[in-house]
Amino acid sequence: MEVLFFAALMAYFFAVILQIVGVAIRRPKLTRVARCVFAAALILHTAFTVWRGIAAARIPLANQFEFASGFAWAAAILGFVLFRKLKQEWLMTASMPVAFLVLSYAAFQPMEIKELMPALRSTWFALHIGAATFSYASFAIAGGLGIYYLVMLRKGHGEDDTRMRQTDYMTYRLICLGFLLLTVVILSGAIWAEQAWSTWWSWDPKETWALITWILYAIYLHQRMRMKWQGKRMALFAVIAVICVIFTF
């Protein structure tokens, strides 16, 4: 199982290097190789996740190592789905580093399989934690696209450029998805907490920072839809907001 994990991690690493070099020197063949390596990494990562789930006899999202691994897997899946749909190279450039960095963090966490405490054995477990992995992945890729947007801006690309407008719009769509899923996370977590501990909300650090993150992205969406903010200021907002997501994580 550990061999699969570290093989996936190394494959993600090589995919990121190939992608960055391919984009930097404008070699489409190199980025195609990067996607193939990334696909192999995702297959290895999926195999590891399934094996660990079978070994644990539960969904493998119960501790910091497993959640980080699930977060990275969700980022890889989301990146591939978006690329297959839109055929835009910059989506892979944003999602590959997210998957690699989060899985690298997981590698430093204890990997032993532990039993769930009785209070956490609930039908809400899969919905709550599963939604959280894809919510965080959406926000993280949106942050990556924000960085990409700012880099392209410094290179002289105007905000009216087609690629810049596409990047800006995709950042917005990813934040919409992440916000919706984070809402599911908070609501399902409240119901789950009431069933487990007879209280809907206890203001512990995790709950409090999840709410702060939700409010922060609600401000982003408000400014985007009501105030018509776009471009550089929204890219900066997306990047800064990821810091709050990481702190919550």
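The values are calculated or read from the model by the stated rules, or taken from the named source; none is laboratory data. A quick note: this is a predicted structure, and the numbers were derived from the prediction, not measured. Every residue, glycine as well, gets a Cβ built from its backbone with ideal geometry; the counts of neighbours run over all protein chains shown. Please note that ligands, DNA and RNA were not included when accessible areas were found on the heavy atoms of the full protein model with its side chains. Shrake-Rupley method; radii C 1.70, N 1.55, O 1.52, S 1.80 Å.
Overview of values
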| item | result |
| --- | --- |
| Fraction of alpha-carbon pairs over 17 Å apart in the range 4-51 - percent | 33 |
| Potential lengthening between W209 and E2 on full extension [0.36 nm per residue; Cα-Cα distance subtracted] | 71.3 nm |
| Neighbour-limited loop hits for trypsin sites (Lys or Arg not before Pro), the range 98-198 (at most 14 other Cβ within 10 Å; DSSP other than H, G, I, E, B) | K114, R121, K155 |
| Distance (nanometres) between label positions extended 7 Å along Cα→Cβ at Q166 and Q88 | 0.6 |
| Relative contact order for the chain, counting Cα pairs under 8 Å that sit 6 or more residues apart, in percent | 17 |
| For a label point 7 Å along the Cα-to-beta-carbon line of F14, residues of the range 100-144 with backbone N under 18 Å | 100-101, 104 |
| Accessible-area ranking of H222, H157, H45, H128, largest first, probe 1.4 Å | H222, H157, H128, H45 |
| Segment W229-I243, extension gain: residue separation times 0.36 nm, minus the distance between their alpha carbons | 3.0 nm |
| Estimated vicinal HN-Hα couplings, Hz - the range 228-240 in sequence order (Karplus 6.51, -1.76, 1.60; Gly, Pro = x) | 6, 5, 8, x, 4, 5, 6, 5, 4, 4, 4, 5, 5 |
| Value of [θ]222 nm, deg cm²/dmol, for the chain, DSSP H segments ≥ 4, -39500 (n - 2.57) each, nearest 500 | -28500 deg cm²/dmol |
| Whole-angstrom gap from the range 169-213 to the range 112-150, using each part's C-alpha centre | 11 |
| Calculated log₁₀ intensity ratio I(q)/I(0) where the Debye formula runs over C-alpha points of the range 1-126, q = 0.13, 0.20, 0.22, 0.23 Å⁻¹ | -0.53, -1.04, -1.19, -1.27 |
| Mean Cα-pair separation over length for the range 59-194, i.e. relative contact order, pairs under 8 Å, 6 or more apart, % | 29 |
| Nitroxide proxy distance, nm - points 7 Å out along Cα→Cβ at I43 and R27 | 2.3 |
